[in-house]
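Student: Supplied in structure tokens, the structure appears directly below.
Every read-out reported here was derived from the displayed coordinates using simple, explicitly stated rules and does not represent laboratory data. Values in this document were obtained by computation on a predicted structure and should not be read as measured data. Positions of Cβ are backbone-derived with ideal geometry, glycine not excepted, and every protein chain shown enters the neighbour counts.
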Amino acid sequence: MLSRGKDAGLLLLTAVLSLLMLGMGGWQLSRAEEKRQLLAEWQQRRNSDISLAQASAMVIPFGYRLTTHGRYLAGKEVWLDNQIQAGRVGYRLIRALPTAQGLLMVDTGWQPADADRRQLPAIAAITPPIPLSGHLIRPYQAPISLGQFTFIPSHPLVPSLAPALLTQIWGEPVLPFVLKLSAEHEQWQPVVMGPERHLGYAVQWFLMALAVCIAAFWYYRRPHE
């Protein structure tokens with residue numbers, strides 16, 4: 001009787017574990033499909049032009065190509081902190097471009113950090129109005145609250161590009177997306193993990209479920225004392 005109860009418990013445990021692993025495998029397959037669709041949509045968007053007015057009216061305008069014209073506002077630039085490129089720590093220079101819809105954050109490129117973190121890279125002088133072309137991306141937003149950060153105008157370093165934070169710093173409404181200039185856009189990717197990684201995880205979960213079932217089959221088929 002005790003043996004039958006033990007066998008029933010192991011059978012139930014095997015069923016639960018197998019279903020859980022199969023469910024995780026199925027979830028990874030669905031995530032892989034989502035990433036495939038996202039990459040396909042991103043590829044379509046990056047070859048499609050959009051106006052600033054259209055972007056402002058969209059809920060998710062990220063990935064579209066935008067061409068505009070203007071002159072950066074003097075004194076309205078910040079360095080985005082802790083940006084890694086080619087294994088080096090640095091900053092990204094974000095400048096404000098005035099538009100009819102609000103201030104547009106423009107990512108003008110990456111600069112390496114000095115050994116002395118108190119010393120920021122020099123900022124080039126404002127040029128006459130110039131054409132700007134790039135792609136719209138989601139602004140990097142660190143998990144901080146506005147009350148946890150104090151902006152120092154003489155040391156314009158920020159941990160986040162949250163529109164609310166930049167609106168507070170610049171004193172004017174800021175649009176909820178960043179224009180990443182074309183020269184810098186080639187290294188940007190819309191997702192961190194590709195669909196292949198999710199497929200690999202799905203296979204692992206399915207193989208573990210198979211291993212559990214094989215182990216259970218061997219246990220029940222073995223001679224009982």
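Student: In debye, nearest 20: dipole of the chain around its Cα centre with unit charges on the Cβ of K, R (+) and D, E (-)? Don't skip to the answer; put the middle values down first.
Tutor: Numbers: 20 positive and 15 negative charges, 74 e Å.
Around 360 debye, computed over the chain.
Student: Can you pull the three principal axis extents for the Cα set of region 64-185, in Å, largest first?
Tutor: Answer, in whole Å and largest first: 36, 32, 26 Å.
Student: Summarise the long-distance tail of P(r) for the chain by giving the % of C-alpha pairs beyond 25 Å. Don't jump to the answer; show the numbers that get you there.
Tutor: Numbers: 14218 of 25200 pairs.
Of the Cα pairs, 56 percent sit more than 25 Å apart.
Student: Which whole-Hz ³J(HN,Hα) couplings does region 115-129 yield from phi under the Karplus relation 6.51 cos²θ - 1.76 cosθ + 1.60, θ = phi - 60°, glycine and proline marked x?
Tutor: Computed from phi, the couplings for region 115-129 are 4, 8, 5, 6, 9, 8, x, 6, 9, 5, 5, 5, 9, x, x Hz.
Student: Answer with one residue from V78, P163, A100: the one whose Cα lies farthest towards the positive end of the charge dipole of the chain, charges on Cβ with Lys, Arg +1 and Asp, Glu -1.
Tutor: It is P163, whose Cα lies furthest towards the positive end.
Student: Between T68 and A115, with labels modelled 7 Å along Cα→Cβ, what's the label distance in nm to one decimal, could you check?
Tutor: Once both label points are built, they end up 4.0 nm from each other.
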